[in-house]
Structure formats: structure tokens, C-alpha cells
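Colleague: Have a look at this one.
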Amino acid sequence: MPHVVTQSCVGDGSCVFACPVNCIQPTPDDPAFELAEMLHVDPVACVDCGACVSACPVDAIKPHRQLDDHERAFALINAAYHRTPRKRALLAPVRPPLRVRDRGQPLRVAIVGSGPAAMYAAEELLTIPGARVSVYERLPVPDGLVRSGVAPDHRRTRRVSRQLDAIRRHPGLTMHLGVEVGRDVTDAELRETHHAVIYAVGAAADRRLDVPGSDAPGVLSATELVGWYNGHPDHADRTVVLTHRRAVVVGNGNVALDIARILTADPKSLEDTEIAPAALAALRESRIEEVVVVGRRGPEHAAFTLPELVGLTSTPGVTVGVDPAELTGLPDDDPKAELLRSLGPPARSGRRITLRFGLSAVEVHGEEAVSGVTFAGAGSEHQRIAAGLVVASIGYRGLPVAGLPFDDATGTVPNDEGRVVDPACGGARPGTYVVGWIKRGPSGFIGTNKACSQDTVAALVEDYNADRLPSPPRNVSVEDAGTRVGARGRRRPRTWSR
């Protein structure tokens, strides 16, 4: 096997388009692509050219001769995927270049947010000659969840920031940091000075753990804890109690596994990462020995991906275990099931992570401080797990955006192919668009936002060419508008802890 994908993919399809023999599957035209946990290199078809290595923005693809011990599992995973007969999809057609008709002034677009969805939209817009893009970010630093949501020890995944940096260096892009839409500038003001406004504000809130006692001290959301160890300004000053020997994470997606790994890892292994200094100091004094990760459904429905589980099991000095009785009924030919069965029962000592399945939280105990969680299992029998820290990691949802309609049921801004739709009239709101999680909900991976953003920008350009977008005043330049807004944004400066 000449090359191997060795971690969860950002999912932007760069390697697929670079491969001259179409040996990386699934491809972007395959319906399975958007939700694929990772991509797979066909060990027979690969010609060892290395094009995919150069194309990958997070250095996830390696020659098989250079695999670390824990990465050898990915060689088996890639080979197993291609052993199953399946129709090989064709490469998705390359999108034609965007073209705008001459309306007497360059296309001017404001983007709210600076994470991957925002930057991919900016990248697409800046392929248009003369286009100008103004990005407004409420925090003092850009990158969104790449900076504040990706675990600090996921060094390779964080390398996607290099791709975002390259987009920001384009001369047609102006970045305004510390500017909050709704506080420093209104949606109406942005629309007055640009042809269009694209909202890329993500899903900034957690789904709450709605059980009695969930407001007890020591119960945190995943956003709060992840923001704490990543030094997010909204959470950097948070006090996290690490004095009990056990913590419980409710939910078992990739973020839940990240949290369990960070809480049990040797602090020395985190010293050369981008972890917040205050969090690292607290982890050095932590008494946590065990993190129990609890999923509501059975192991066959575990939300974590196979690459994330492989990474978790390779954490130095940490034992990952699961009760074999909870794994009955798993398919024999599923790589994730095979890895779960290989873990062995939960350890009783040392730093360890225990995976539990089929349990639903029904009550959190403790008044002055959390002391444990009661779960209901099959047949409604209850069991209580003692813990001094409880983290709810059960998903994200969007928040209302000032001046825009909002669908509370889905946590998204109502839209039609990215065009914001006003439910009051049922029609598109001229000049207002959405991309990323606020458009489609919290689904997919970092690179999934690329195709999402390209679709929205294509709709924007179609509207621009059809004269459906109002023209901003000619006597107000993008620079003038940005300077005024930026000055207002600096009234309440924020600082990043790193």
C-alpha cells in the first residue's frame, strides 16, 4: 500500500481532485462523501505518485513506509474499505470559474465570521477579478472552531489554519477583528455598504443536558470546557474543578473523546501544544484518574468516528476499556466494532477512559458541587456513577442572528440554497446569505464547508448578474466603511489568552 490516510479528514476533497488515478474514495460526487468519517486510498490502484500528500491541507496522508506504530491500524482500515465491492463513483466535475457582468463597480461582499466556512466563501469570491471582501469577526483572532474547537493536541488538524491564512493574505480581503455585528455594526449598515452580506457564524451554543440537577456547580457544556482549554476569551477565566478522581462525559461524539483524552493525558504531553497556559497549569494539579464517556445508544450507533477512536487508543499512558457485555450484537465485519472488541474490560487503576453505551442521564446529583449522575439503561434499571465533573457533549446548535429570521427548531437561519428566506413573505431576502452550520446545521467536517460555501457564492453571483442585489453608494469605499466599523469595535477590546 503506497499511501495511507492516517486520521479524520477535513473533507475538502483536495486529495481526491489531485489523484490522477481516482484511487481515493469516496469522491465528492458520491452521496457518502459528505458524511464519510475519512477517505480511503485503494492499495491496489495507488501509483505512489504522492500528489495526494501535497494536496492534503492537514498532512493526513503518509507513505506506508513512514507510518508510526499507532498509524498502522489505518493501513488495515484503508485496505478493508476497498475489499468491499462497491460501484466506484466518478470524480465530481470541476466547477466553472465564476463570472460577473460589469455593473460599473467591483463586487463588494461582507462576511460575518472568520472560520472555515467564511474563509472558503471568501476564497471563492476572490477568484472574481476586482472583487473585494470585508470579513468581520467579533473575537480578536480569526479561524473560528479551528482555533477554539479543535483539540490542542490535534496538531495536524490545526494545520488547516495555514490554508485559511493564505486566503486572508489575498489583497482583495480586509479583516476587521473585535467587531461584533449587532453591537458595533448592524446588518442594515453592512447591506448599505456592500452588494451582499454572508453570515458564517456557525453553531455557537450547545444542546443542553435537560435533566434535574444539570445546573449544579461542576456541570459544564462541551463548549465551555473546550473553550477553557483552548483559551477562548469567553471561557478562559472559567474555574474547572478537577479534584475528584472521576469525570463523566455525557455523549460520545468526537468532541467527547477529545475531552476525555485531554483530561487524562499526561500534562507533559500537552506542553508543546496550543493549550491555554491556565488550563495546562490546572491539569498538572488534576486528580482525575478516570473519565467515563457515556452514550445514549448502543455501540453500533456510537457518534465518534473510527479515526478518532484509533487516536484515543494510542494516547500514551491511558487505558481505554469497554465492558464486553455492552458489545453484543455488533457486526463482525465492521472495523469500528472490531476495534471496540479489542479494547478489553475497563481498567481499575491508572489513568483510564471507560466507554459506556445504552445509558441515558436522568438526574445530576449535588447542590454545592456535583457528586454524580444517575443513568437509566435497558429495562429502565438505574445506576449512579460518582463524579466531580460532568460535561455535556450532546451536540451544537445555532443562535439567533441580530436582524435575521431564525428557525428555532433547527437552530438555523431559514434559507434556500444559501439565500436567506424571510418566513413572513416566503421569499428570499435580497443581498443576505448564509454558509456553514448556521445554514445547514452542525453536520459534516471542516472541509464540508467548502462545497457549502461554493454553493452559496454561486447563488450570490447569480443574483448579482440578474440585478437582484442592490448597489452600495459609490461614494463609500469598503475601506471607509470598514474603518468606521472597526473604530466602533475597538470600544470593547477582547484578548485571547495565548
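The values are calculated or read from the model by the stated rules, or taken from the named source; none is laboratory data. All of these numbers come straight from a predicted model, not from anything done at the bench. So basically every Cβ, Gly included, is an ideal-geometry build from the backbone, and we count neighbours across all protein chains shown.
Colleague: Tally time: how many residues in the stretch 245-272 are within 22 Å of VAL146 (Cβ to Cβ), surrounded by fewer than 17 Cβ atoms within 10 Å (Cβ to Cβ) and either in contact with a strand residue (DSSP E or B) (Cβ under 9 Å, 6 or more places away or on another chain) or of a type in the set (S, T, N, Q) (or both)?
Modeller: So the answer is 1.
Colleague: Report whether or not ARG238 is assigned by TED's automatic domain parsing to the domain that holds PRO140 and surrounded by fewer than 19 Cβ atoms within 10 Å (Cβ to Cβ).
Modeller: Here the answer is no, as ARG238 does not meet what is asked.
Colleague: Ok, one more. Taking into account only those residues within the stretch 406-438 that are acidic (Asp, Glu) and assigned to a strand (DSSP E or B), which is nearest to ILE198 (Cα to Cα)?
Modeller: By that ranking, first place goes to ASP416.
Colleague: To continue, here is another question. Under 7 Å by Cβ, and 6 or more places apart or on different chains, what pairs join a residue from the stretch 223-234 that is free of Cβ contacts under 8 Å to residues at least 12 places away in the same chain with one that is in a helix (DSSP H, G or I) and β-branched (Val, Ile, Thr)?
Modeller: The qualifying pairs do not exist here.
Colleague: Every residue in the stretch 304-329 that is more than 28 Å from the chain's Cα centre (by Cα) and not polar (S, T, N, Q), please. Full working, then the answer.
Modeller: Within the stretch 304-329, the subset more than 28 Å from the chain's Cα centre (by Cα) is 323-329.
Selection gives ASP323, PRO324, ALA325, GLU326, LEU327, GLY329.
Colleague: ARG384 is checked against (1) in the same structural domain as GLY227 (by TED's automatic domain parsing); (2) touching a residue at least 60 places away in the same chain (Cβ under 8 Å); (3) in contact with a Phe, Trp or Tyr (Cβ under 9 Å, 6 or more places away or on another chain) and fails just one. What number does that condition carry?
Modeller: For ARG384, the exception is condition (2).
Colleague: What number goes with the only condition from (1) part of a strand (DSSP E or B); (2) touching a His at 6+ places or on another chain (Cβ under 9 Å) that VAL370 does not pass?
Modeller: Of everything listed in (1) part of a strand (DSSP E or B); (2) touching a His at 6+ places or on another chain (Cβ under 9 Å), VAL370 misses just condition (1).
Colleague: Identify, from the list THR313, THR305, the residue that is in contact (Cβ under 8 Å) with a residue 40 or more places away in the chain and in contact with a strand residue (DSSP E or B) (Cβ under 7 Å, 6 or more places away or on another chain).
Modeller: Selected residue: THR313, the only one of THR313, THR305 that is in contact (Cβ under 8 Å) with a residue 40 or more places away in the chain and in contact with a strand residue (DSSP E or B) (Cβ under 7 Å, 6 or more places away or on another chain).
Colleague: Any residue at all in the stretch 417-431 that's under 14 Å from ALA118 (Cα atoms) and within 15 Å of the chain's Cα centre (by Cα)?
Modeller: no
Colleague: Being at pLDDT 95 or above, part of a loop (DSSP other than H, G, I, E, B) and of a type outside the set (Gly, Ala, Ser) is the filter here; which residues of the stretch 317-342 pass it?
Modeller: The answer is VAL318, ASP323.
Colleague: Testing GLY104 on (1) on the phi < 0 side of the Ramachandran plot; (2) out of contact with any helix residue (DSSP H, G or I) (no Cβ under 8 Å at 6 or more places or on another chain); (3) part of a loop (DSSP other than H, G, I, E, B); (4) not charged (D, E, K, R), one condition comes back false. Which one is that?
Modeller: Of (1) on the phi < 0 side of the Ramachandran plot; (2) out of contact with any helix residue (DSSP H, G or I) (no Cβ under 8 Å at 6 or more places or on another chain); (3) part of a loop (DSSP other than H, G, I, E, B); (4) not charged (D, E, K, R), only one is false for GLY104: (1).
Colleague: Assuming ALA60 fulfils every condition listed in (1) at pLDDT below 85; (2) within 17 Å of ILE446 (Cα to Cα) apart from one, which condition is it?
Modeller: The number of the failed condition is (1).
Colleague: Considering GLY358, GLY436, GLY395, which residue is within 24 Å of THR186 (Cβ to Cβ) and in contact (Cβ under 8 Å) with a residue 24 or more places away in the chain? Working first, answer last.
Modeller: Numbers: GLY358 fails: within 24 Å of THR186 (Cβ to Cβ); GLY395 fails: within 24 Å of THR186 (Cβ to Cβ).
Result of the check over GLY358, GLY436, GLY395: GLY436.
Colleague: Which is touching a strand residue (DSSP E or B) at 6+ places or on another chain (Cβ under 9 Å) and either at pLDDT 95 or above or buried (at least 21 other Cβ atoms within 10 Å of the Cβ) (or both), of GLU137, GLU124? So that I can check it myself, show each step before the final result.
Modeller: Details: GLU124 fails: touching a strand residue (DSSP E or B) at 6+ places or on another chain (Cβ under 9 Å).
Only one candidate qualifies: GLU137.
Colleague: Residues VAL293, VAL241: which one is of a type in the set (A, V, I, L, M), within 26 Å of VAL364 (Cα to Cα) and at pLDDT 95 or above?
Modeller: It is VAL293.
Colleague: What's the total number of residues in the stretch 18-75 that are farther than 20 Å from VAL310 by Cα and aliphatic (A, V, I, L, M)?
Modeller: The qualifying residues number 10.
Colleague: When you scan the stretch 403-446, how many residues do you find that are of a type in the set (A, V, I, L, M), at pLDDT below 95 and touching a strand residue (DSSP E or B) at 6+ places or on another chain (Cβ under 7 Å)?
Modeller: Number of matching residues: 2.
Colleague: Filter the stretch 12-25 down to the residues that are within 22 Å of PRO116 (Cα to Cα) and assigned to a loop (DSSP other than H, G, I, E, B), then identify the one that is nearest to the chain's Cα centre (by Cα).
Modeller: Among them, the one singled out is ASP12.
Colleague: Let me ask another. All but one of (1) surrounded by 17 or more Cβ atoms within 10 Å (Cβ to Cβ); (2) modelled with pLDDT under 85; (3) of a type in the set (Asp, Glu) hold for ASP42; state the number of the condition that does not hold.
Modeller: Only one criterion in (1) surrounded by 17 or more Cβ atoms within 10 Å (Cβ to Cβ); (2) modelled with pLDDT under 85; (3) of a type in the set (Asp, Glu) is unmet by ASP42, namely (2).
Colleague: Ok, one more. Considering only the stretch 45-59, state which residues are in contact with a Pro (Cβ under 9 Å, 6 or more places away or on another chain) and either crowded, with 22+ Cβ neighbours inside 10 Å or in a loop (DSSP other than H, G, I, E, B) (or both). Steps first, answer last, please.
Modeller: Applying the first criterion (in contact with a Pro (Cβ under 9 Å, 6 or more places away or on another chain)) to the stretch 45-59 yields 46-51, 53.
CYS46, VAL47, ASP48, CYS49, GLY50, listed by residue number.
Colleague: Please verify whether GLY388 is of a type in the set (Gly, Ala, Ser), over 30 Å from GLY321 (Cβ atoms) and surrounded by 15 or more Cβ atoms within 10 Å (Cβ to Cβ), treating the condition exactly as stated.
Modeller: Judged against the criteria, GLY388 is not a match.
Colleague: Just to be sure before I move on: is PRO63 crowded, with 20+ Cβ neighbours inside 10 Å and touching an Asp or Glu at 6+ places or on another chain (Cβ under 8 Å) in the structure I sent?
Modeller: It is false that PRO63 is crowded, with 20+ Cβ neighbours inside 10 Å and touching an Asp or Glu at 6+ places or on another chain (Cβ under 8 Å).
Colleague: Go through VAL100, VAL185, VAL112 for me and flag whichever is under 24 Å from SER443 (Cβ atoms) and either crowded, with 18+ Cβ neighbours inside 10 Å or not aromatic (Phe, Trp, Tyr) (or both).
Modeller: After applying the criteria, what remains is VAL112.
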